[in-house]
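Below you'll find the structure, written out as structure tokens, and then a few comments.
The values are calculated or read from the model by the stated rules, or taken from the named source; none is laboratory data. These figures come from a predicted structure and were not determined experimentally. We place every Cβ from the backbone using ideal geometry, glycine too, and count neighbours over all the protein chains shown. Just the protein is used for accessible areas: all its heavy atoms, side chains included, with ligands, DNA and RNA removed. Shrake-Rupley method; radii C 1.70, N 1.55, O 1.52, S 1.80 Å.
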Amino acid sequence: MSAHRSDRKVRPQPTSQKCLPRVEGLEERAVPAGLAAYGSESNGPARVRAFDITTGVEKFNFLPYGPSYGGGVRVAVGDVTGDGILDIITAPSNYAPDIRVWDGASVGLTPTLVTQFFAYANYNDGAYVAVGQFDGDAALELVTGPNSANPDIRIWDVTMASPPTSPPSGTATLKTQFFAGPLGSGGARVATGQFVPGGLDEILFGNTAGRPVLRTFTATPTFDPLTGFATPLQTYQPFDTTFNNGAYVAAGDLNGDGTADIVAGAARSPFSGSRVMAISGADGSILADFVPYANYGGTVRLAVYDADPVNPGLEIVTGANTNSDVRVFSSTGTFLSITQPFPGGGVYVAGRN
């Protein structure tokens with residue numbers, strides 16, 4: 001690991017058990033202060049469920065790509081439309097990279113589709129998606145990375161129709177594109193966080209193949225004149241060479257120092273073990289290092305948000321690729337709770353407060 005890793009800081013936190021989400025009918029519900037979203041994988045038609053973090057009430061339950069698509073669906077949460085309400089963004093885990101933005105202000109379990117676009121032309125292997133603040137306006141931007149091939153990171157801005165339409169609609173425009181590593185080295189898993197003071201987000205990259213590599217970039221990076229690749233702010237290799245399936249990534253200020261921290265989940269091949277590590281974005285020290293699922297060697301999907309209204313601060317939320325166990329851990333890796341949003345198959349996780 002290229003950054004300083006000493007002084008493992010493990011601060012015990014109280015453990016609590018949260019209730020499973022409650023489900024209400026289709027009547028109009030209060031706008032949640034925080035939204036948790038889960039995307040299914042390989043268990044019938046791809047489904048997204050979203051819950052009010054504070055109350056546990058189900059807000060959305062829908063098939064973002066219709067009943068004929070049975071692959072996985074990756075999710076992100078953030079106010080992309082600029083109305084102050086958290087929206088849901090979906091990306092298929094395979095097939096065409098059809099990114100869709102769903103209006104969080106919708107009433108009923110199926111939200112309104114605001115816009116959709118294909119993030120990569122002539123490419124049919126799915127995409128990763130995240131949401132971040134890169135220009136300081138009211139709406140957040142989208143970040144995409146392909147599932148495989150090249151680490152081609154792209155930032156998209158959604159412009160809402162003017163005058164406003166009913167239902168709301170918008171158009172996605174490509175703002176920035178750069179390569180986070182060599183061509184042919186695999187795809188790009190993405191997250192966002194404030195790794196540099198200034199109020200705007202940076203991008204966290206995790207590779208999809210080989211020994212896990214983590215890099216952070218500004219939204220407008222400089223480029224190496226010899227390779228043409230973007231120059232990272234930070235580079236980490238926290239896992240040893242026995243982990244060789246890349247890393248899922250998430251970010252958030254876990255220790256309250258004002259700088260986003262890095263969370264990475266890695267697996268060994270052929271699936272002989274998995275781990276999650278949290279790394280200080282300020283000094284590279286290890287904040288947490290734990291095994292989220294016993295006797296499990298698959299990939300670990302990640303999110304960081306305040307998933308527990310009882311305990312202050314942010315938590316680490318994990319999802320597995322062979323079962324729908326969503327687990328919540330404290331910022332130092334203490335297990336807090338478990339829920340199962342789907343009856344089987346894997347699960348992708350996202351959330352924002």
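For the chain, with all protein chains present and a 1.4 Å probe, just round the carbon and sulfur fraction of the accessible area to a whole percent.
Details: 7330 of 13650 Å².
With neighbouring chains kept in place, the figure for the chain is 54 percent.
Mind checking the per residue accessible area of segment 191-263 for me, 1.4 Å probe, whole number of Å²?
I get 39 Å² per residue for this part.
With point charges of +1 on the Cβ of Lys and Arg and -1 on the Cβ of Asp and Glu, referenced to the Cα centre of the chain, which listed residue (193, 245, 231) lies farthest in the positive direction of the dipole?
245
Please work out how much length the chain gains when fully extended from residue 241 to residue 61, using 0.36 nm per residue of separation minus the C-alpha to C-alpha distance, in nm with one decimal.
Details: separation 180, 0.36 × 180 = 64.80 nm, distance 3.98 nm.
So the extension gain works out to 60.8 nm.
With charges set only on the Cβ (+1 for Lys and Arg, -1 for Asp and Glu), what does the dipole of segment 201-277 come to about its Cα centre, in debye to the nearest 20?
Working: 4 positive and 7 negative charges, 86 e Å.
Its charge dipole is roughly 420 debye.
Which cross-chain or sequence-distant (5 or more) residues have an amide H under 5 Å from the amide H of residue 325, H modelled 1.01 Å from N in plane?
320
Treat each spin label as a single point 7 Å out from the Cα along the C-beta direction, and report the residue 138 to residue 183 distance in nm.
Roughly 4.2 nm, to one decimal.
Assigning unit charges at the beta carbon (Lys, Arg +1; Asp, Glu -1) and nothing else, what dipole magnitude in debye, to the nearest 20, does segment 118-203 show about its Cα centre? It would help to have the intermediate numbers written out before the result.
Numbers: 3 positive and 8 negative charges, 34 e Å.
The calculated dipole for segment 118-203 is roughly 160 debye.
Full extension from residue 282 to residue 68: what is 0.36 nm times the residue separation minus their Cα-Cα distance, to one decimal in nm? Provide the component values of the computation, followed by the final result.
Numbers: separation 214, 0.36 × 214 = 77.04 nm, distance 4.54 nm.
Full extension from residue 282 to residue 68 adds 72.5 nm.
What is the local net charge at residue 301, summed over the other residues whose Cβ is closer than 10 Å to its Cβ (Lys, Arg +1; Asp, Glu -1)?
Numbers: positive: 74, 189; negative: 41.
Computed value for this residue: +1.
Could you state the number of Å between the C-alpha centres of segment 201-273 and segment 276-295?
13 Å
Using 0.36 nm per residue, how much length does the chain from residue 340 to residue 33 gain when fully extended, once their Cα-Cα distance is taken away? Present the calculation step by step, with values, prior to reporting the outcome.
Numbers: separation 307, 0.36 × 307 = 110.52 nm, distance 2.20 nm.
Stretched out fully, the residue 340 to residue 33 stretch lengthens by 108.3 nm.
Among 124-135, 304-315, how do they line up from the highest to the lowest mean number of other beta-carbon atoms within 10 Å? Working shown, then result.
Working: 124-135: 21.7, 304-315: 19.2.
In decreasing order of mean packing, 124-135, 304-315 become 124-135, 304-315.
Would you please give the FRET efficiency between residue 166 and residue 200, computed as 1/(1 + (r/R0)^6) with r the Cβ-Cβ distance and R0 = 45 Å, to the nearest 0.05? Please report the intermediate quantities before stating the final value.
Working: r = 32 Å, r/R0 = 0.71.
The pair residue 166/residue 200 has a calculated efficiency of 0.90.
May I ask you to order 69-75, 280-286 by the average number of other C-beta atoms within 10 Å around their residues, highest value first?
Numbers: 69-75: 20.9, 280-286: 18.6.
Ranking the peptides 69-75, 280-286 by packing returns 69-75, 280-286.
With θ set to phi - 60°, apply the Karplus curve 6.51 cos²θ - 1.76 cosθ + 1.60 along segment 144-158 and write out the HN-Hα couplings as whole Hz, x wherever there is a Gly or Pro.
10, x, x, 5, 7, 6, 10, x, 8, 8, 10, 10, 10, 10, 9
Taking a virtual spin label 7 Å from the Cα of residue 295 along the C-beta vector, which residues in segment 324-345 bring their backbone nitrogen under 17 Å of it?
324-325
I'd like to compare 198-207, 290-299: which one has the highest average count of other Cβ atoms within 10 Å, and what's the full order after that?
Values: 198-207: 22.0, 290-299: 15.4.
Ranking the peptides 198-207, 290-299 by packing returns 198-207, 290-299.
If R0 is 25 Å, what FRET efficiency do you get for residue 54 and residue 149 from their C-beta distance, rounded to 0.05? Each step should come with its number before you reach the end.
Numbers: r = 40 Å, r/R0 = 1.61.
Efficiency for this residue pair is about 0.05.
Quick one: dipole size for the chain, taken about the Cα centre, charges +1 on Lys/Arg Cβ and -1 on Asp/Glu Cβ, in debye to the nearest 20.
Working: 22 positive and 31 negative charges, 199 e Å.
Taking the Cα centre of the chain as origin, the dipole is about 960 debye.
Excluding residue 38 itself, calculate the net charge of residues whose Cβ lies under 13 Å from the Cβ of residue 38, where each Lys or Arg counts +1 and each Asp or Glu counts -1. Walk me through the numbers before you get to the answer.
Details: positive: 47, 49, 59, 74, 301, 327; negative: 41, 58, 325.
Computed value for this residue: +3.
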